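Here the structure comes first, spelled out in C-alpha cells, and everything after it is commentary.
We did not get these values from a lab; they are worked out from the coordinates using the rules stated. The model shown is predicted, which means the values in this text are computed figures rather than measured ones. For neighbour counting, all protein chains shown are included, and Cβ atoms are generated from backbone atoms with ideal geometry for every residue, glycine included.
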Amino acid sequence: MKTFVCFGDSLTYGYGVTAGKVWHQLLKEKMDIRILNRGSNGDSLLGMQIRISRDVLESGAEICLFMAGSNDLMMGKSLDEVYNGIVRIKERILERGIKTIIISPPPAIPEMAKISWDSYPDYEDFNEKLKGLSERFNKKCPNEFINAFGKFMELSDLERKKLYLDGIHLNEEGNEFLGHIVQAGIL
C-alpha cells in the first residue's frame, strides 16, 4: 500500500470539516492508500520550510501532495515570491526521492470571505494571483501539477459558492469535489 503525505495549510488540514470528510481522506477510501495529513491551519511557506523535515522528509511517504501559497498571497507576497517558495520546497522533497505533485489552491469567494474573515485582502487580486500561479505550474511542470483552481473556476458562481464554508475554506461538498479533482490528476 502506497503512503501519501499531504502537505500544506488549512486547505490541506481540512479546516472546519470532520476529519473523515476532508478531500485526502476521501482519496484514501477510494484508492486504498495510506494518507498522512500534514496540513497546518494558517501556515505559510516559511512555516512549511521549518517543518518539512519532520512532516514530509521523515514521513516514509512515496508521494507528496503539496498545496500551499494561499496564506502567503493573502499576506501580500508577490506571485514570484510564492512561486519560488513552492519550487524550493518541492525541490527539497524531490531530493529525498519523494514524488511531489503540486495542487493549486481553490479560488476565494470574495463576498463570503469579506464577511467571514477580513475585508483587508483584495480577494479579486488574490484570485488573479492564484490564476497566475496555476498557469505557471501548468506550463513548467504539467505532469506534476493538478489545477484545482481551474476546475473550481469552470463552475458557475452559484455552484462554486455551494462548496465553501466561509469563502476561503471548503465545506464537505467542496472537499469531495477537490478529492475527485486530485484523484483524476494522480491516476
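Summary table below
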| quantity | calculated |
| --- | --- |
| Residue in segment 163-185 that is farther than 19 Å from residue 12 by Cα and either of a type in the set (Lys, Arg) or surrounded by 20 or more Cβ atoms within 10 Å (Cβ to Cβ) (or both) present | no |
| Qualifying residue in segment 96-110 (condition: on the phi > 0 side of the Ramachandran plot and either in contact (Cβ under 8 Å) with a residue 12 or more places away in the chain or among the polar types (S, T, N, Q) (or both)) | no |
| Condition broken by residue 150, with the remaining ones in (1) under 13 Å from the mean Cα position of the chain (by Cα); (2) in a loop (DSSP other than H, G, I, E, B); (3) farther than 26 Å from residue 55 by Cα; (4) of a type outside the set (Phe, Trp, Tyr) satisfied | (2) |
| Hits in segment 46-69 - residues which are within 14 Å of residue 100 (Cβ to Cβ) and in contact with a Pro (Cβ under 9 Å, 6 or more places away or on another chain) | 67, 68 |
| Test: residue in segment 57-80 that is basic (Lys, Arg) and either under 24 Å from residue 132 (Cβ atoms) or buried (at least 17 other Cβ atoms within 10 Å of the Cβ) (or both) | yes |
| Candidate set from segment 43-85 (those that are in a helix (DSSP H, G or I) and hydroxyl-bearing (Ser, Thr, Tyr)); member that is nearest to residue 149 (Cα to Cα) | 70 |
